[in-house]
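In what follows, a structure is listed as structure tokens, so that the remarks can point back to it.
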Amino acid sequence: MEESSDEEWSYDFLESLVEDVEENKNLLQCIECGRCVGGCPASRISNFNIRKIIRKVLRGDKSVLKDSDIWYCFLCERCKRVCPKENVNIPLLILNLRNESFKKGYGPRYNDLTKYVEMSERFLTNGSVLDEPLDGPLPERRVKELDKICDFARIKYVFKAVDHQNKKEKSKKSSNKEEKKLM
């Protein structure tokens with residue numbers, strides 16, 4: 001990452017995040033080793049880069065609340081497991097940033113949510129966000145747990161609705177193409 005001076009750093013934003021979630025103060029331990037990004041499934045399929053997000057938080061750059069990146073994290077906790085520093089809880093930071101984003105009236109853009117829903121659907125149906133999982137697929141026991149969670153949270157109904165909508169759009173497009181051919 002680029003070099004910066006002490007004058008560029010403002011911990012005010014971090015302090016406000018720590019007021020909500022005490023554990024966020026542990027971000028100061030980050031040594032920017034990149035292990036979190038290297039093992040991140042979201043960074044493999046999107047522009048998600050947690051190092052950039054942490055840097056913005058530590059610099060006091062509140063524009064991170066408007067960034068699409070905070071919505072690409074899948075909260076799988078892989079970053080937390082590979083981090084050489086203890087108690088750096090990146091998924092908790094992401095949740096906190098999302099909450100702050102909503103409080104400020106930003107929230108995710110439609111495209112951000114679409115990507116997140118696609119990632120969620122792949123995870124909940126295949127046990128992995130990626131086509132080729134980093135550590136292999138989830139054990140059958142975990143997939144069954146996810147299935148129960150989906151039933152309880154009625155998530156499957158959301159996916160069915162999305163599938164139904166996609167099928168409607170495809171059939172509408174194909175019928176429009178056929179009409180144009182007949183003209």
Open item on the list: In whole Hz and in residue order, list the ³J(HN,Hα) couplings for the stretch 78-92 that follow from phi through the Karplus curve 6.51 cos²θ - 1.76 cosθ + 1.60, θ = phi - 60°; x for Gly and Pro.
Closed with: 4, 4, 5, 6, 8, 5, x, 9, 7, 6, 8, 9, 5, x, 5
Task: Non-local Lys pairs in the stretch 7-106, i.e. 8 or more apart or on different chains, that have alpha carbons under 19 Å apart - done: 17
Open item on the list: Per residue of the stretch 16-22, what does 6.51 cos²θ - 1.76 cosθ + 1.60 with θ = phi - 60° give for ³J(HN,Hα)? Whole Hz please, x for Gly and Pro, Karplus curve as stated.
Closed with: 5, 6, 5, 4, 7, 9, 3
Task: Whole-angstrom Cα spans of the stretch 7-106 along principal axes, big to small - done: 29, 26, 24
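Each reported figure results from applying straightforward, stated rules to the coordinates on display, with no laboratory input. The structure presented is a predicted model; accordingly, all values stated were derived computationally and were not measured.
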